Amino acid sequence: IRNRSVSRGLGDVYKRQYIECNVIEIAAHRATKEDINALKSIVYDQYKSRCEHKNETFYIKEFHLALAKATHNPIFISLMRIINSLFDQRRNDSVTHNLKRRSESIYWHNKIIEALESRDIQKCRAVMEQHMRSNANMIHD
């Protein structure tokens, strides 16, 4: 049963990767300075929450929602809300019980911001793919 659960979890991550890679490509074109500053603020709050030994999953969800908002497309924003709700329990379990996952989340979110600031679509997609792959590896481990 565990293998079926892991397999399903990985399938969900790959579907999420497909959506999030498209989101970041559009955000690379459309994100404003305010959008990027909002992402930076969320990562700062995520880091602060981690330092205070609080649950930081709220900020992880907010980061990905803010990234969707940076597309200025209501469909992607709605999709991200749905994805966030679907991944709530899995994300909460993996972040709460895995210090490496928490550290990597902040690392990848900062890399995503750097890629967005560069406006390099290929770089944005590559960083998001690496972030999603990292998530998939955490589910598999």
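The values are calculated or read from the model by the stated rules, or taken from the named source; none is laboratory data. This structure is a prediction, so every number in the text was calculated from the model and none was measured. Note: ideal-geometry Cβ built from the backbone for every residue, glycine included; neighbour counts use all protein chains shown. We work out accessible area using only protein heavy atoms, side chains counted, and drop any ligands, DNA or RNA first. Shrake-Rupley method; radii C 1.70, N 1.55, O 1.52, S 1.80 Å.
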- Task: Look at I19 and say whether it is of a type in the set (A, V, I, L, M) and either modelled with pLDDT under 95 or outside any helix (DSSP H, G or I) (or both).
- Result: yes
- Message: Filter region 63-75 down to the residues that are out of contact with any Phe, Trp or Tyr (no Cβ under 7 Å at 6 or more places or on another chain) and open to solvent by less than 60 Å² (accessible area, probe 1.4 Å) and list them by number.
- Response: F63, H64, L65, A66, L67, A70, T71, N73
- A66 farther than 17 Å from H131 by Cα and hydrophobic (A, V, I, L, M, F, W, C): no
- Item | Subset tally (residues that are small (G, A, S) and at pLDDT 80 or above) for region 94-119 | 3
- Item | Output for region 27-45, where each listed residue is open to solvent by less than 30 Å² (accessible area, probe 1.4 Å) and either closer than 14 Å to L65 by Cα or in contact with a Phe, Trp or Tyr (Cβ under 6 Å, 6 or more places away or on another chain) (or both) | A27, A31, D35, I36, L39, I42, V43
- Task: For R91, state whether it is at pLDDT below 95 and open to solvent by less than 30 Å² (accessible area, probe 1.4 Å).
- Result: yes
- Message: Any residue that is within 22 Å of Y14 (Cβ to Cβ), assigned to a helix (DSSP H, G or I) and at pLDDT below 95 - is there at least one of those in region 58-78?
- Response: yes
